[in-house]
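Chemist: One structure, as structure tokens, below. Some questions next.
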Amino acid sequence: MRLLVTHPELALGLVEALNETDCLAARTGSHTLEVFAPWLLEGGEPAHAATEVLFFVRAWASGYAGFRATLLRAS
């Protein structure tokens, strides 16, 4: 899944935090990250994975005023 972040200077910190979980994350642009949830390989639901990732991101972002991340829909 692809995330759009409002503060690119915080993207690396978010990538590191996501990589400390079961997720694999990488920065793909100045304001975008790609996040993969490995449990999807075991038949997990994409909507559930997106909910979990966004929950984690919002918790992580609570320490950064104004930071927002939005899930970008696949085209």
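Chemist: Using +1 at the Cβ of each Lys and Arg and -1 at the Cβ of each Asp and Glu in the chain, identify which of CYS23, LEU40, VAL57 lies farthest towards the dipole's positive end.
Modeler: Among CYS23, LEU40, VAL57, the one farthest towards the positive end of the dipole of the chain is VAL57.
Chemist: 222 nm [θ] for the chain, helices only, -39500 (n - 2.57) per DSSP H run of 4+, per residue, to 500?
Modeler: -10500 deg cm²/dmol
Chemist: Now, a different point. Compute the signed sum of charges (Lys and Arg +1, Asp and Glu -1) over the other residues within less than 12 Å, Cβ to Cβ, of GLU34.
Modeler: Summing Lys/Arg as +1 and Asp/Glu as -1 gives +2.
Chemist: Determine the share of the chain's accessible area contributed by carbon and sulfur atoms, expressed in whole percent, with a 1.4 angstrom probe.
Modeler: Result for the chain: 58 percent of the exposed heavy-atom area is carbon or sulfur.
Chemist: What net charge do the residues around GLY13 carry, taking every other residue with its C-beta under 13 Å from that of GLY13, with Lys and Arg at +1 and Asp and Glu at -1?
Modeler: Cβ neighbours under 13 Å give a net charge of -2.
Chemist: Which value, in Å² rounded to 10, gives the accessible area of GLU16 with a 1.4 Å probe and all protein chains present?
Modeler: About 100 Å², rounded to the nearest 10.
Chemist: How big is the dipole moment of the chain about its Cα centre under a simple scheme where the beta carbon of each Lys and Arg is +1, that of each Asp and Glu is -1, and everything else is neutral? Debye, nearest 20, please.
Modeler: In debye, rounded to 20, the chain gives about 360.
Chemist: Whole angstrom only: what separates the Cα centroid of the range 40-59 from the Cα centroid of the range 13-28?
Modeler: Their Cα centres are 13 Å away from one another.
Chemist: How many nm separate the modelled label positions at SER62 and ALA26, each set 7 Å beyond the Cα in the direction of the Cβ?
Modeler: Between SER62 and ALA26, the label points sit 3.1 nm apart.
The values are calculated or read from the model by the stated rules, or taken from the named source; none is laboratory data. Predicted model only: the values in this text are computed from it and were never measured. A quick note on method: Cβ atoms are made from the backbone with ideal geometry, for glycine too, and the neighbour counts reach across all protein chains shown. Surface areas here come from the heavy atoms of the whole protein model, side chains and all, with no ligands, DNA or RNA. Shrake-Rupley method; radii C 1.70, N 1.55, O 1.52, S 1.80 Å.
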